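Scroll down for the structure; my scribbles are underneath it.
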Amino acid sequence: MASIGTVVGSDEQIRSLLDQSLTRHFMTLEQHGKICAEYVWIGGTGADLRSKGRTLPSMPKSPADLPHWNYDGSSTGQAPGADSEVYLVPRAIYKDPFRGGDNILVMCDTYEPPRLNPDGTVTPMKPIPTNTRAACSDVMKKVDSHDPWFGIEQEYTLLNVTTKWPLGWPKGGFPAAQGPYYCSAGSGVSIGRDVPEAHYRVCLNAGLDISGVNGEVLPSQWEYQVGPCTGIEMGDQLWMSRYLMHRVCEMYNVECTFDPKPIPGDWNGSGGHTNFSTKETRTEGTGWGVIQEQCEKLGKRHAVHIAAYGEGNERRLTGKHETSSMSDFSWAVANRSASIRVGRMVPVEKCGYYEDRRPASNLDPYVVTRLIAETTLLM
């Protein structure tokens, strides 16, 4: 049997900045019943994630039990210095796989704080412009009876944090052409596996619905899948999974990029394919007809969706490298070059789900899931 051989040759070694064996000692110290809660939120670019920790006297039973908090929005590009306080509202709780024990991670969204008016009344808090969760939550409440399920395939690429070049690639050069890397095993074809494996475990430990992981077509590119998740949980879980990815990469001193086309030319880009179904599409016998109706609705709002499906997506959606054209809408069975791909067995079984292949890897899941639900279920 012929061997593929090594197609990426590199002696690159990445070391952590600090000795983590020392850190592990302190992570086992007694906390005397106190809980560390790391509040996580989306920063001013709409893509960066920020966090800070606080001590709680006991374990909360739900997000409603957690105190609201605030931060300096002038340091994240979300408020002016003269009025910089931004409000954090806890929305979802996950286990903290880094601190361990009963410590938690808290996914929050962001608001202008309540204000006291001259007449003594109080103006309620309102979402700041970068809070896309609030609008998504409103839509998901309206479509709750349809039981919408989402699953997102998150692709990403690992980079050398110093050179910003893909991990394991020849310095200033390129590896052999695409082909041997997808779902591969072995040195030279599977690059940086420690990161996706560690990330897989911390997501499971945190309680996220991560459903799988695999190597991708571009060398040093990987994918993980989150879902199925119902309604607003999809956005909460994907954002938290990204936070966990950045924390894992921080430990290995490598960088994760969600750029939709990290390397120009004849190389695959990175997507955020979004799978969707409802109670109606999952109904045996009639679901296939509902899917066709929903695909037609999506086609009528193609421009609206494309405009919100990720920055730089025009570099990826070229009609090549398993993508559709950005300017045209299409849907088809088993076609990875279509805007919407329906699984081969859906017409056979007359029910199921479909995949919107247009979102980029840097998609905002709150925006994408809101648009899909809005277009298919409210129009």
Residue check for Tyr94: hydroxyl-bearing (Ser, Thr, Tyr), touching a helix residue (DSSP H, G or I) at 6+ places or on another chain (Cβ under 6 Å) and under 20 Å from Tyr243 (Cβ atoms): yes
The stretch 173-201 - residue that is more than 19 Å from Ile14 (Cβ to Cβ) and within 19 Å of the chain's Cα centre (by Cα) and, of those, most open to solvent (accessible area, probe 1.4 Å): Arg201
Please work out if Ser74 is closer than 27 Å to Cys229 by Cβ and in a helix (DSSP H, G or I). no
Of the residues Thr55, Thr76, Thr45, which single one is more than 21 Å from Pro113 (Cβ to Cβ) and either more than 26 Å from the chain's Cα centre (by Cα) or surrounded by 19 or more Cβ atoms within 10 Å (Cβ to Cβ) (or both)? Thr55
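Looking for something in contact (Cβ under 8 Å) with a residue 60 or more places away in the chain and farther than 26 Å from Asp194 by Cβ - is there at least one such residue anywhere in the stretch 13-35?
We begin by selecting, within the stretch 13-35, every residue in contact (Cβ under 8 Å) with a residue 60 or more places away in the chain; these are 14-17, 20, 27, 31, 35.
Next, only the ones that are farther than 26 Å from Asp194 by Cβ stay: 31, 35.
Within the stretch 13-35, one or more residues are in contact (Cβ under 8 Å) with a residue 60 or more places away in the chain and farther than 26 Å from Asp194 by Cβ.
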Can you tell me how many residues within the stretch 284-309 are out of contact with any Cys (no Cβ under 6 Å at 6 or more places or on another chain), open to solvent by 20 Å² or more (accessible area, probe 1.4 Å) and part of a loop (DSSP other than H, G, I, E, B)? 4
Apart from one, (1) assigned to a loop (DSSP other than H, G, I, E, B); (2) on the phi < 0 side of the Ramachandran plot; (3) of a type outside the set (Ser, Thr, Tyr); (4) surrounded by 17 or more Cβ atoms within 10 Å (Cβ to Cβ) all hold for Gln154; the odd one out is (1)
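Which ones in the stretch 135-159 are small (Gly, Ala, Ser) and either more than 30 Å from Lys261 (Cβ to Cβ) or over 21 Å from the mean Cα position of the chain (by Cα) (or both)? Can you show your working first?
Of all residues in the stretch 135-159, those small (Gly, Ala, Ser) come to 135, 137, 145, 151.
Scanning the stretch 135-159 gives Ser137, Ser145.
Could you go through the stretch 26-38 and let me know if any residue there is among the aromatic types (Phe, Trp, Tyr) and modelled with pLDDT of 95 or more. Let's see the steps before the verdict.
Within the stretch 26-38, the subset among the aromatic types (Phe, Trp, Tyr) is 26.
From the residues that got through so far, the ones that are modelled with pLDDT of 95 or more too are none.
Taking every residue of the stretch 26-38 in turn, none turns out to be among the aromatic types (Phe, Trp, Tyr) and modelled with pLDDT of 95 or more.
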With respect to Asp138, is the statement that it is out of contact with any Asp or Glu (no Cβ under 7 Å at 6 or more places or on another chain), within 30 Å of Met379 (Cβ to Cβ) and open to solvent by 70 Å² or more (accessible area, probe 1.4 Å) true? yes
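Among the residues of the stretch 207-264, what is the count of those that are among the charged types (D, E, K, R) and either part of a helix (DSSP H, G or I) or under 27 Å from Ser21 (Cβ atoms) (or both)? It would help to see each step written out before you state the result.
Going residue by residue through the stretch 207-264, those that are among the charged types (D, E, K, R) are 209, 216, 223, 233, 236, 242, 247, 250, 255, 259, 261.
Filter once more, so that each one left must be either part of a helix (DSSP H, G or I) or under 27 Å from Ser21 (Cβ atoms) (or both): 233, 236, 242, 247, 250, 255.
The number of residues fulfilling the criteria is 6.
Looking at the structure I just gave you, is Trp169 hydrophobic (A, V, I, L, M, F, W, C), free of Cβ contacts under 8 Å to residues at least 40 places away in the same chain and surrounded by 14 or more Cβ atoms within 10 Å (Cβ to Cβ)?
Numbers: hydrophobic (A, V, I, L, M, F, W, C): yes; free of Cβ contacts under 8 Å to residues at least 40 places away in the same chain: no; surrounded by 14 or more Cβ atoms within 10 Å (Cβ to Cβ): yes.
Considered against the rule, which asks whether it is hydrophobic (A, V, I, L, M, F, W, C), free of Cβ contacts under 8 Å to residues at least 40 places away in the same chain and surrounded by 14 or more Cβ atoms within 10 Å (Cβ to Cβ), Trp169 comes out as no.
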Out of (1) surrounded by fewer than 20 Cβ atoms within 10 Å (Cβ to Cβ); (2) touching a strand residue (DSSP E or B) at 6+ places or on another chain (Cβ under 9 Å); (3) at pLDDT 95 or above, the one Leu116 does not meet is (3)
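Taking the stated definitions as given, is Arg282 within 23 Å of Gln237 (Cα to Cα), of a type outside the set (A, V, I, L, M, F, W, C) and out of contact with any Lys or Arg (no Cβ under 6 Å at 6 or more places or on another chain)?
When the stated conditions are applied, Arg282 passes them.
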Of the numbered conditions (1) free of Cβ contacts under 8 Å to residues at least 60 places away in the same chain; (2) within 15 Å of the chain's Cα centre (by Cα); (3) more than 17 Å from Cys249 (Cβ to Cβ), Val213 fails exactly one; give the number of that condition. (3)
Going by the conditions given, is Glu349 among the charged types (D, E, K, R) and over 29 Å from Ser241 (Cα atoms)? yes
Take the residues in the stretch 253-275 that are modelled with pLDDT of 95 or more and charged (D, E, K, R), then tell me which one is surrounded by the most Cβ atoms within 10 Å (Cβ to Cβ). Lys261
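Looking at the stretch 310-325, which of its residues are in contact (Cβ under 8 Å) with a residue 24 or more places away in the chain and open to solvent by less than 70 Å² (accessible area, probe 1.4 Å)?
Across the stretch 310-325, the qualifying residues are Gly310, Gly312, Asn313, Arg316, Leu317, His321, Thr323, Ser324.
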In the list His68, His32, which residue meets the criterion of being on the phi > 0 side of the Ramachandran plot and not aromatic (Phe, Trp, Tyr)? His32
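The values are calculated or read from the model by the stated rules, or taken from the named source; none is laboratory data. Being a predicted model, the structure only gives us computed values, none of them experimental. Neighbour counts run over all protein chains shown; Cβ positions are idealised from the backbone, glycine included. We work out accessible area using only protein heavy atoms, side chains counted, and drop any ligands, DNA or RNA first. Shrake-Rupley method; radii C 1.70, N 1.55, O 1.52, S 1.80 Å.
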